[in-house]
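Following: one structure in structure tokens, then a few remarks.
The values are calculated or read from the model by the stated rules, or taken from the named source; none is laboratory data. A quick note: this is a predicted structure, and the numbers were derived from the prediction, not measured. Using ideal geometry, Cβ is built from the backbone for each residue, glycine included, and neighbour counts are taken over all protein chains shown.
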């Protein structure tokens with residue numbers, strides 16, 4: 001009986017210790033230069049519905065259910081989705097738009113697990129016909145899920161999706 005209690009206490013201490021040292025924040029960003037002017041690139045990106053044409057997650061479930069609230073390209077617009085196990089269920093709400101500079105959205109995931117993060121596009125003029133686009137997101141890892149981050153490289157895993165999406169975006173805008 002004493003051994004069982006000691007084992008339980010040790011396991012609890014290890015879990016708490018891992019929770020303390022595990023990363024509390026997560027951020028993934030990728031960038032690409034698009035051969036299109038900054039205003040043209042920005043106008044395309046601020047419309048959330050355009051993500052259907054280049055998003056890697058739309059490709060993972062082309063039959064996902066989608067619905068919308070508000071006016072696309074304006075603060076407050078919400079895109080909702082419900083898909084297969086690869087895309088889950090959630091919604092994206094435009095929080096801020098700074099013309100020709102940035103678009104910030106809140107991402108709320110409901111399935112496969114609940115979480116919230118901030119998605120963003122940041123744009124910069126390289127020259128008159130080239131735009132640097134940075135796409136990313138950031139969020140907090142809550143206990144005990146932050147422990148998983150010790151064993152998963154989310155930057156590498158999600159980074160691949162961001163890279164694929166940016167390449168598709170580039171192909172569309174440069175066509």
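Take the conditions assigned to a loop (DSSP other than H, G, I, E, B) and modelled with pLDDT under 95 and apply them to residue 150. Does it pass? Break it down into steps so the answer makes sense when it comes.
Values: assigned to a loop (DSSP other than H, G, I, E, B): yes; modelled with pLDDT under 95: yes.
Yes.
Determine which member of the set 50, 29 is in contact with a helix residue (DSSP H, G or I) (Cβ under 9 Å, 6 or more places away or on another chain) and without any contact (Cβ under 8 Å) to a residue 12 or more places away in the chain.
After applying the criteria, what remains is 50.
Identify all residues within the stretch 59-83 that are out of contact with any strand residue (DSSP E or B) (no Cβ under 9 Å at 6 or more places or on another chain) and either in a helix (DSSP H, G or I) or within 25 Å of residue 173 (Cβ to Cβ) (or both); write none if there are none. Explain how you work it out, then say what you get.
To start, the set of residues in the stretch 59-83 that are out of contact with any strand residue (DSSP E or B) (no Cβ under 9 Å at 6 or more places or on another chain) comprises 59-60, 62-63, 71.
Across the stretch 59-83, the qualifying residues are 59, 60, 62, 71.
Answer yes or no as to whether residue 123 is modelled with pLDDT of 95 or more, closer than 23 Å to residue 158 by Cα and surrounded by fewer than 16 Cβ atoms within 10 Å (Cβ to Cβ).
On the way: modelled with pLDDT of 95 or more: yes; closer than 23 Å to residue 158 by Cα: yes; surrounded by fewer than 16 Cβ atoms within 10 Å (Cβ to Cβ): no.
For residue 123, the condition - modelled with pLDDT of 95 or more, closer than 23 Å to residue 158 by Cα and surrounded by fewer than 16 Cβ atoms within 10 Å (Cβ to Cβ) - is not met.
Among the numbered conditions (1) under 16 Å from the mean Cα position of the chain (by Cα); (2) at pLDDT below 95; (3) crowded, with 17+ Cβ neighbours inside 10 Å; (4) under 19 Å from residue 164 (Cβ atoms), tell me where residue 109 comes up short.
Exception for residue 109: condition (4).
So, in the stretch 84-100, exactly how many residues are in contact with a strand residue (DSSP E or B) (Cβ under 6 Å, 6 or more places away or on another chain) and without any contact (Cβ under 8 Å) to a residue 24 or more places away in the chain? Give the derivation first.
Here is the first cut: in the stretch 84-100, the residues in contact with a strand residue (DSSP E or B) (Cβ under 6 Å, 6 or more places away or on another chain) are 88-97.
From what is left, the residues that are without any contact (Cβ under 8 Å) to a residue 24 or more places away in the chain are 89-91, 93, 95-96.
Of the residues in the stretch 84-100, 6 are in contact with a strand residue (DSSP E or B) (Cβ under 6 Å, 6 or more places away or on another chain) and without any contact (Cβ under 8 Å) to a residue 24 or more places away in the chain.
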